[in-house]
1. Could you give every pair whose Cβ atoms fall below 6 Å, whose first residue belongs to the stretch 178-190 and is β-branched (Val, Ile, Thr), and whose second residue is surrounded by fewer than 19 Cβ atoms within 10 Å (Cβ to Cβ) and in a helix (DSSP H, G or I), counting only separations of at least 6 or pairs across chains?
2. Pull out all pairs, ordered by first then second residue, where Cβ-Cβ is under 7 Å, the residues are six or more apart or on different chains, the first lies in the stretch 151-177 and is touching a residue at least 24 places away in the same chain (Cβ under 8 Å) and within 22 Å of Leu118 (Cβ to Cβ), and the second is of a type in the set (Val, Ile, Thr) and in a helix (DSSP H, G or I).
3. Could you tell me which of the residues Ala230, Ala236, Ala164, Ala203 is assigned to a helix (DSSP H, G or I) and under 25 Å from Ala132 (Cα atoms)?
4. With respect to the numbered conditions (1) buried (at least 16 other Cβ atoms within 10 Å of the Cβ); (2) farther than 30 Å from Arg35 by Cα, which one is the sole condition not fulfilled by Arg81?
5. Condition first: open to solvent by less than 60 Å² (accessible area, probe 1.4 Å) and under 15 Å from Arg149 (Cα atoms). Now tell me which residues in the stretch 173-208 satisfy that.
6. Quick one: what pairs do we get from the stretch 36-60, first residue open to solvent by 70 Å² or more (accessible area, probe 1.4 Å), second not in a loop (DSSP other than H, G, I, E, B), C-beta under 7 Å, 6+ apart or different chains?
7. For the stretch 119-149, enumerate the residues that are over 20 Å from Asp161 (Cβ atoms) and under 17 Å from the mean Cα position of the chain (by Cα).
8. Checking Ala134 against (1) open to solvent by less than 50 Å² (accessible area, probe 1.4 Å); (2) among the hydrophobic types (A, V, I, L, M, F, W, C); (3) in contact (Cβ under 8 Å) with a residue 24 or more places away in the chain, only one condition comes out false. Which one?
Amino acid sequence: IRDEDDRARALAGLAPHLPADLRQQVLAEALAAARAIKDEDDRARALAGLAPYLPADLLAEALAAARASGEEWLRALALVRLAPHLPADLRQQVLAEALAAARASGEEWLRALALVRLAPHLPADLRQQVLAEALAAARAIKDEDDRARALAGLAPYLPADLLAEPLAAARAIGKEKHRAEALAGLVPRLAALGRPILYPLWADTLPVLAARTREDLLSDLAALEPVIAALGGAEAVAETFRAIQDVGRWWP
């Protein structure tokens, strides 16, 4: 395979299935291919993908290459992916480097992405602060599409007491498509908000669902199943889908 990125991923995928004496050689080849990638974005991803398979001596090389990445957010992502596979004494230092790199990223979208990927690996007292920083960066993004994706990416990591903020920001997005994307990312966590918040949200959602095509509505309802269950239990979910079946014969 001539493309270094593709070659590195293929070799890394093969390595765990090879005999031990050949595995080390193949991993070294995969690392060499990854380090030869000229594009920083692709190189960071290749190194991150190699991390679970590398022995200690090759991890040191991958770490050196990750640290050499010029873009702060790329460096942060590469370091975050490598950190769990490093010795404990080095792990904390690398996470601190990743946090500094993430915070130094100039663009809000990239800073939010790096911070949210980093947060789960941090101690609990620092995790909350970093998630709040990621949320602030996401809400400051001017482009609606990027803001919607950032908010959706944040949702799985936010505690219940912070979900109200991205929900409010998502609902304020002007374009329906982008608003739907952000809300879809939040759906799996919305049940934690409680019925007083869910009922008004559901009331606002129904007119949007009614204007969707049949295919889109069925997809929307499948995604919204946790919210329907939180509002009315399993019977509400069953009744909703029975109602869809009843009207289906008249609905193109």
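The values are calculated or read from the model by the stated rules, or taken from the named source; none is laboratory data. Please read these numbers as outputs of a predicted model, since none were measured by experiment. Cβ: placed from backbone, ideal geometry, glycine included. Neighbour counts: every protein chain shown. Surface accessibility is based on the protein's heavy atoms, side chains included, excluding ligands, DNA and RNA. Shrake-Rupley method; radii C 1.70, N 1.55, O 1.52, S 1.80 Å.
1. Every condition considered, the pairs that remain are Val187/Ala223.
2. Gly153/Val116; Leu154/Val116; Tyr157/Val116
3. Working: Ala230 fails: under 25 Å from Ala132 (Cα atoms); Ala236 fails: under 25 Å from Ala132 (Cα atoms); Ala203 fails: under 25 Å from Ala132 (Cα atoms).
Going through Ala230, Ala236, Ala164, Ala203 in turn, just one is assigned to a helix (DSSP H, G or I) and under 25 Å from Ala132 (Cα atoms): Ala164.
4. (2)
5. Across the stretch 173-208, the qualifying residues are Ile173, Gly174, His178, Arg179, Ala180, Ala182, Leu183, Ala184, Gly185, Leu186, Val187.
6. Pro52/His85; Tyr53/Ala12; Tyr53/Ala15; Tyr53/Pro16; Tyr53/Leu27
7. Filtering the stretch 119-149 down to residues over 20 Å from Asp161 (Cβ atoms) leaves 121, 140-149.
Listed by number, the residues that qualify are His121, Ile141, Asp145, Asp146, Arg147, Ala148, Arg149.
8. Of (1) open to solvent by less than 50 Å² (accessible area, probe 1.4 Å); (2) among the hydrophobic types (A, V, I, L, M, F, W, C); (3) in contact (Cβ under 8 Å) with a residue 24 or more places away in the chain, only one is false for Ala134: (3).
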